[in-house]
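Presented below is the structure to which this report refers.
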Amino acid sequence: METARKHSKKREAILEALRSAKDHPSAEMLYSRLKSVYPDLSLGTVYRNLAFFINDGEITRVGTVAGQERYDADTSPHAHFICRRCGRVLDVESPALERMDETVELETGGRVTGHSLSFFGECADCLVETAV
């Protein structure tokens, strides 16, 4: 049974801000970006709506970076690279990841319906900075 979805301008703005973001923002980052447009927006409202979107399957959690949970509106199968130095979160798409799902299914006899995979290290920009 499908439940009715409460429509609100703030809810839609939060989702749209996340969909248009390429930096996998935290709730605090989204709040900062939307506060000037919605002065009565609270950080609690952002958190509640993110929880709603996760529960609804519209977004995913990327992981915690510098103490803040980060989010992604791209729910297609892909991994993330998280820079331990600057906190940048990058999407990783590779045919090898698709083969991993198949391998896991063969090894377990089960069916993979999704996965969460993150790589950690230093991004290219941070490597350049340390080389200088």
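The table below gives the values:
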| read-out | value |
| --- | --- |
| Top-ranked residue of segment 79-132 - restricted to ones that are within 18 Å of the chain's Cα centre (by Cα) and among the basic types (Lys, Arg), ranked as nearest to Ala66 (Cα to Cα) | Arg84 |
| Helices (runs of 4 or more DSSP H) enclosed by segment 41-132 - at least 3 residues per element that are in contact (Cβ under 8 Å) with a residue 24 or more places away in the chain and in contact with a Gly (Cβ under 7 Å, 6 or more places away or on another chain) | none |
| Number of the condition not met by Leu41 [criteria: (1) among the hydrophobic types (A, V, I, L, M, F, W, C); (2) outside the structural domain of Gly121 (by TED's automatic domain parsing); (3) closer than 15 Å to Phe120 by Cα; (4) out of contact with any Asp or Glu (no Cβ under 8 Å at 6 or more places or on another chain)] | (3) |
| Count of segment 16-40 residues which are under 11 Å from the mean Cα position of the chain (by Cα) and not in a helix (DSSP H, G or I) | 6 |
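Here is a yes/no grid of residues against (1) at pLDDT 95 or above; (2) among the acidic types (Asp, Glu):
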{"site": "His78", "(1), (2)": "no, no"}
{"site": "Ile82", "(1), (2)": "yes, no"}
{"site": "Ser94", "(1), (2)": "no, no"}
{"site": "Glu98", "(1), (2)": "no, yes"}
{"site": "Val104", "(1), (2)": "no, no"}
{"site": "Glu107", "(1), (2)": "yes, yes"}
{"site": "Gly114", "(1), (2)": "no, no"}
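The values are calculated or read from the model by the stated rules, or taken from the named source; none is laboratory data. Because the structure is a prediction, the values reported are computed rather than measured. Please note: Cβ atoms are built from the backbone with ideal geometry, for glycine as well, and neighbour counts cover all protein chains shown.
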